[in-house]
Amino acid sequence: MSGGELIDEYAAELSNRLPQPAVEELLDGLAETYGEQLTKKADELAAAQATIAAFGDPDIVEQAFIHHSPGRRLATLLLATGPLVGLAWAATILIPSRAWNWPIPLLGRITFGLALFVTIGMLLTTTHTRGRLKRSQTTARLGALTLIALDGTMIAAALLAAHVHPLALLPAAGLSIARVAFTAQRLHRLLTI
């Protein structure tokens, strides 16, 4: 195998794992480093091996991208805000209005609870993944979309079933709406990666 073939194989492996803008930037650096190595080493293969060693194993490069990915950052922020938003709902609406007496079918309550646990699981998976970047980003997108739906569902359920003054909803609904807006903005960036 020639040095050029080894570099092409390495570049193809990175292309399969990383978003296109990141790959383009890495390929520019890879070509530049390979050119520098060719001036230092007489052998093409040795120059290619030194270039690849400087960049690192594709698994390590991918893990670095996962660690710093927008999806991972978003999942971490959503997990951090979850208890605050949940506590606001519990303290201002769920407990005072006795949510267990709301006219919501049992199946709806179970579905909401399961969706919440699945969403938390997706976000935790995103923050702790050691797998593929594309899978991590997909999990982050799904978790964020589901959380937006859950926040919207909670606001609608409270408005329709809580029988409380709308101003009582302000603290919890305000936090949920702020989180939805923040998540939607970040999600837009995630969808364009």
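The values are calculated or read from the model by the stated rules, or taken from the named source; none is laboratory data. These numbers were taken from a predicted model, which means no experiment stands behind them. Glycine also receives a Cβ, built like all others from the backbone with ideal geometry; neighbour counts cover every protein chain displayed.
Mind listing whichever residues of region 12-47 are under 19 Å from Lys134 (Cα atoms), surrounded by 15 or more Cβ atoms within 10 Å (Cβ to Cβ) and at pLDDT 85 or above? Can you show your working first?
Taking region 12-47 and keeping what is under 19 Å from Lys134 (Cα atoms), we get 12-27.
Next cut, surrounded by 15 or more Cβ atoms within 10 Å (Cβ to Cβ) only: 13-15, 17-19, 22-23, 26-27.
Those that are under 19 Å from Lys134 (Cα atoms), surrounded by 15 or more Cβ atoms within 10 Å (Cβ to Cβ) and at pLDDT 85 or above: Glu13, Leu14, Ser15, Leu26, Leu27.
Among the listed residues Pro105, Pro58, Pro70, identify the single one that is within 22 Å of Leu124 (Cα to Cα) and modelled with pLDDT of 85 or more. Pro70 is the lone residue from the list that is within 22 Å of Leu124 (Cα to Cα) and modelled with pLDDT of 85 or more. Out of Thr153, Thr119, one residue alone is modelled with pLDDT under 95, closer than 20 Å to Ala178 by Cβ and not in a loop (DSSP other than H, G, I, E, B). It is Thr153. Scanning region 128-140 for residues that are in a helix (DSSP H, G or I) and surrounded by 19 or more Cβ atoms within 10 Å (Cβ to Cβ) turns up Leu133, Ser136, Gln137, Thr139, Ala140. Counting only helices (runs of 4 or more DSSP H) wholly contained in region 13-89, the ones carrying 1 or more residues that are aliphatic (A, V, I, L, M) and farther than 30 Å from Ala115 by Cα occupy 20-40, 44-55, 58-67.
Can you find a residue in region 175-184 that is closer than 29 Å to Asp59 by Cβ, of a type in the set (Ser, Thr, Tyr) and at pLDDT 90 or above? No; the residues of region 175-184 include none that is closer than 29 Å to Asp59 by Cβ, of a type in the set (Ser, Thr, Tyr) and at pLDDT 90 or above.
The listed residues are Ala99, Ala144, Ala157, and the only one of them that is closer than 25 Å to Ala172 by Cβ and either under 12 Å from the mean Cα position of the chain (by Cα) or not hydrophobic (A, V, I, L, M, F, W, C) (or both) turns out to be Ala144.
For the criterion of being surrounded by 15 or more Cβ atoms within 10 Å (Cβ to Cβ) and in the same structural domain as Ile7 (by TED's automatic domain parsing), Ala53 fails. For region 59-106, taking the residues that are buried (at least 18 other Cβ atoms within 10 Å of the Cβ) and free of Cβ contacts under 8 Å to residues at least 60 places away in the same chain, the one that is farthest from Ala12 (Cα to Cα) is identified as Leu94.
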